[in-house]
1. Can you tell me which of (1) assigned to a helix (DSSP H, G or I); (2) touching a helix residue (DSSP H, G or I) at 6+ places or on another chain (Cβ under 9 Å) is the one residue B:206 doesn't meet?
2. Taking only segment A:188-210 into account, find how many residues are more than 24 Å from the chain's Cα centre (by Cα) and within 16 Å of residue A:226 (Cβ to Cβ).
3. Mind checking which helices (runs of 4 or more DSSP H) fall wholly inside segment A:302-414 and carry at least 3 residues that are in the same structural domain as residue A:290 (by the TED database) and either surrounded by 17 or more Cβ atoms within 10 Å (Cβ to Cβ) or under 28 Å from the mean Cα position of the chain (by Cα) (or both)?
4. Just the residues that are facing another protein chain (nearest Cβ under 10 Å) and exposed (fewer than 13 other Cβ atoms within 10 Å of the Cβ), please, taken from segment A:479-501.
5. Report, by residue number, each residue of segment A:61-95 that is touching a strand residue (DSSP E or B) at 6+ places or on another chain (Cβ under 9 Å) and either over 14 Å from residue A:231 (Cβ atoms) or in contact (Cβ under 8 Å) with a residue 24 or more places away in the chain (or both).
6. Of the residues that make up segment A:471-486, is at least one in a helix (DSSP H, G or I), over 22 Å from residue B:191 (Cβ atoms), under 34 Å from the mean Cα position of the chain (by Cα) and modelled with pLDDT under 95?
7. Which residues, counting only those in segment B:220-244, are more than 14 Å from every other protein chain (Cβ to nearest Cβ), over 26 Å from residue B:79 (Cβ atoms) and surrounded by fewer than 21 Cβ atoms within 10 Å (Cβ to Cβ)?
8. Go through segment A:259-284 residue by residue and tally those that are part of a loop (DSSP other than H, G, I, E, B) and either farther than 22 Å from residue A:163 by Cβ or over 25 Å from the mean Cα position of the chain (by Cα) (or both).
């Protein structure tokens, strides 16, 4: 009797242990799954004390939008946490200036705890209380940041120019609302027409002095942008006007950015920029090639911001990029600034990526990388340009006029041969074996390809000769109305003396299929043999 | 034999075997860089369109059994396949993240420069030929299937459905055709030269050249250049090779990894029995000698004891004989003396009475002796 009871007791104990371990395991796994799901754009790391050298506790991870919403429910606004000085809301919490470590610690603790305690007493769902240190000082918060960089593109910029809710006293344009330069006589930031620049031109990653050696500091880009954008949005919204986002998630999420209204036809910016300009070397005595006329107007329309080419601030290329290179330009020489394949800011680098467009990729994806020829140099440094010695002493106005004239002469359509000069069909029958000969509609293909780039000024500008286009397929051939046929070079496969040159069959297939794939043509499929050459029956 | 002596002998044998390992490793050819003019095939998956012509050509040139679905049927590509005893090569389709079109990769025997199958085969049924191909001789095969285990690419396959003479099957790189100056079947038929045939050295040059000329098209890795010690079949791809089902196999060939251990096997098998038998024989012989010596000693002791005993016996006997003789003599003397005395007494008496007492007294001492 006793033995049976003790056995029962042991079994009960074992089952209990098993249940607890299963429950414990489940609890762990469900938490892990929850971690990866959450992602917010409003996670801010507060490390003011840490930056002063204290290592007592890890920085605080704080969710800003969560607090903005809570304040809204309590009928409070930004001023509940942010103080205002000289009509400007401070981005710092409950202060306008930082204090000592002890002061900062006290400021955060007393204000955070006071509000949380008050809300807890009122029965509201609120944040951690005094003593729950690790709830805020949590180096590994449960949520992931989905913060995304945001930029002012041409469309967004135009919407600010056109916004009725932005009004600058005494001005009929909105520029002064954001753009300013420091006026030394007035000792304050004022708007000066045609000096408008990117925010980055003056506001760097860290605060910098307004005047060299002075005490007054320009805020860092991060602060400057939030001061300008968020405070304006908040005040406009308070006044009841139509305005932009005021929350972190409103600007810094992929989702929000996708929902921005895009103005398709943005009028050209008015900043005194030229329609065309001559890109000349800083030292004309050392320059050797003819100056390049740059169609500024065309490129403005093709890009959705100025920053792609102008990096931080608006200046001529040669301000920083000289023939020899200098510190301001990170020692990138003028030649590299214009021709580097790796940079999107260089002419060649950007043009090269444009070749990935399906209408271009048919030919260009088959061409080896960096296969520049003398011919490609002359496309820009052409003989109609002015030689360096002719440019010396030429005024800027004359240079612009010269550039305008050169640009105006450039073709707007790609030169092509007349229809009758393009063979209508090409019969491919050299390898007839299992399949019949293929009647390639040569002219139709050529004309379709030309039509695909008919609107491209880039294609018009760079395919300088009617035969240039033919070189897409008739590669390695000189410019000619009657370029060599495929058989002229391609024959038996895998001849060691011919290196990697494909045999005739592969040459045809690689060229046709490669181009079709690059141009994203669905039909004929690469594996649909009979679509190009019927299967032989006998 | 003494325990210490035995242990030191054993240690010596161990040292000898260790030295033997080093030697065999050096001789195992881990610096073998392939035959200089070995051929190979370069598969460029950016060119492959998944038409399965190579599979069809393989079936034709190798007289393989007809598959269930015909080669034109491209729906076969929807499932991942592997090579088997009736299929020396398969093309698989891979859908990789970030690409709108699928990628195709042909797979078959990679024809390793140092084939693991050949090194694992203890009857030498596999041969690495100077043309780069790895071929198999079914006449030698015992069906152990060690090659299947050894191959890092899971290539050799077994005819499980053949009950009487099951053989290993795999791609031969069309070794017989290469010998005739022809191209491998798959290479010859490929419409896009997704397969390039040539000297392995030239193919590496071609592959590097393609990567250099079209840096955006390829990842900078020629699979097979170093994998498993280098293979004669090489691969180029636009995505990491692992995404096309190519395993990470390391740069060392399987034979190089195993030759040290396997090289020691003949040594261990050959020398250790001799050594141990020798040690055993020596100890046995010593035992035998000791036994013989002991027996000899026993015999000697026994002999000397016997001699002594005999001598003692003899002495005792002699003494006894002597004593007896002396006693007899003494008794005789005594008897003679007594007889003489008696005679004299009788004589004296007879001299007195008569002569009859004289004769009787003369015979009586002789009767007593």
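1. (2)
2. Of the residues in segment A:188-210, 1 are more than 24 Å from the chain's Cα centre (by Cα) and within 16 Å of residue A:226 (Cβ to Cβ).
3. By residue number, A:307-310, A:317-320, A:334-339, A:347-354, A:358-364, A:374-380, A:396-409.
4. Residues satisfying the conditions are A:495, A:496, A:499.
5. Matches in segment A:61-95: A:61, A:62, A:63, A:64, A:65, A:66, A:78, A:93.
6. Yes, that holds for at least one residue.
7. Passing the criteria: B:221, B:225, B:226.
8. 9
The values are calculated or read from the model by the stated rules, or taken from the named source; none is laboratory data. The shown structure was predicted, so the numbers you read here are calculated from the model rather than taken from an experiment. When we count neighbours, we look across all protein chains shown, and the Cβ atoms used for this are built from the backbone with ideal geometry, even at glycine.
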